[in-house]
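Data block below; observations after.
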Amino acid sequence: ETEEAAGEAQLSTESGDVAASVVVDTVKTDSFSMDYCKFGSGDRVLVILPGISIQSVVGSADAVAQAYQTLAQDYTIYLFDPRQELPDSYSVYEAAEDSAAAIQALGLEKVSLFGASYGGMKAMLIAAQHPEMVEKIIVASTSANLTEGFQEVENWISLAKEGDAEGLCLAFG
């Protein structure tokens, strides 16, 4: 079940032709809502799971669609934000299950998953837990596990708890 969240925006290629119509919407399940955007007109489905961001990635839907316009003829592309109602404690396993539930709620089958950073971790978990949903998986700048040497996550958590958005952005960089 979806409801219109922000309407449609038209994108143009360098030649001036319309490359895609970007639709921003919200998918609702029994336990959460999740914003997403959709663009492209291909028969195959590509789901993009971005990394952690301090602002909505769907809010930049037209820029994302322009960056992926070369795939828009072969794929219908979905980009998901995190769920709207984040619990106090929320593991990557729960985030992956929520993304899988959103994919299922939209009726998508045999998707190609592209996950970057934290989104790559979610993509790997979805592929492992729901192989029937996944045709292919592509991951970038991610890890299957965090080693003890990767201390930066603790710093990010501290900065987030302190509300230090500038420090968090600099630490991500």
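The values are calculated or read from the model by the stated rules, or taken from the named source; none is laboratory data. Please read these numbers as outputs of a predicted model, since none were measured by experiment. Positions of Cβ are generated from backbone atoms using ideal geometry, with glycine treated the same way; all protein chains shown enter the neighbour counts. Keep in mind that these areas ignore ligands, DNA and RNA; they rest on the heavy atoms of the full protein, side chains included. Shrake-Rupley method; radii C 1.70, N 1.55, O 1.52, S 1.80 Å.
Kindly indicate whether any position in region 17-35 is at pLDDT below 90 and assigned to a loop (DSSP other than H, G, I, E, B). Reasoning before the result, please.
Residues of region 17-35 at pLDDT below 90: 17-21.
If we keep only those that are assigned to a loop (DSSP other than H, G, I, E, B) too, we end up with 17.
Within region 17-35, one or more residues are at pLDDT below 90 and assigned to a loop (DSSP other than H, G, I, E, B).
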With criteria (1) within 25 Å of Lys161 (Cα to Cα); (2) free of Cβ contacts under 8 Å to residues at least 40 places away in the same chain; (3) of a type in the set (D, E, K, R), Asp43 comes up short on (1)
Residue under question is Ile77, and the condition is that it be of a type in the set (A, V, I, L, M), outside any strand (DSSP E or B) and open to solvent by less than 80 Å² (accessible area, probe 1.4 Å); does it hold?
no
When Ala128 is evaluated against the numbered criteria (1) surrounded by fewer than 19 Cβ atoms within 10 Å (Cβ to Cβ); (2) modelled with pLDDT of 90 or more; (3) under 23 Å from Cys37 (Cβ atoms); (4) of a type in the set (Gly, Ala, Ser), which criterion, by number, is the only one it fails?
(3)
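For residues that are of a type in the set (Phe, Trp, Tyr) and open to solvent by 50 Å² or more (accessible area, probe 1.4 Å), scanning just region 86-117, find the one that is farthest from Ile52 (Cα to Cα). Can you show your working first?
Here is the first cut: in region 86-117, the residues of a type in the set (Phe, Trp, Tyr) are 90, 93, 114.
Filter again for open to solvent by 50 Å² or more (accessible area, probe 1.4 Å), leaving 90, 93.
Values: Tyr90: 13, Tyr93: 14 Å.
Only one residue tops the list, namely Tyr93.
Here are Thr70, Thr76: which of them is closer than 18 Å to Val24 by Cβ and polar (S, T, N, Q)? Steps first, answer last, please.
Values: Thr70 fails: closer than 18 Å to Val24 by Cβ.
Being closer than 18 Å to Val24 by Cβ and polar (S, T, N, Q) holds for just one of Thr70, Thr76, which is Thr76.
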If you go through region 36-57 one residue at a time, do you hit one that is surrounded by 20 or more Cβ atoms within 10 Å (Cβ to Cβ) and in contact with a Cys (Cβ under 7 Å, 6 or more places away or on another chain)?
no
Within region 36-58, how many residues are modelled with pLDDT of 85 or more and outside any strand (DSSP E or B)?
8
Take the conditions touching a residue at least 24 places away in the same chain (Cβ under 8 Å), hydroxyl-bearing (Ser, Thr, Tyr) and open to solvent by 70 Å² or more (accessible area, probe 1.4 Å) and apply them to Ser141. Does it pass?
yes
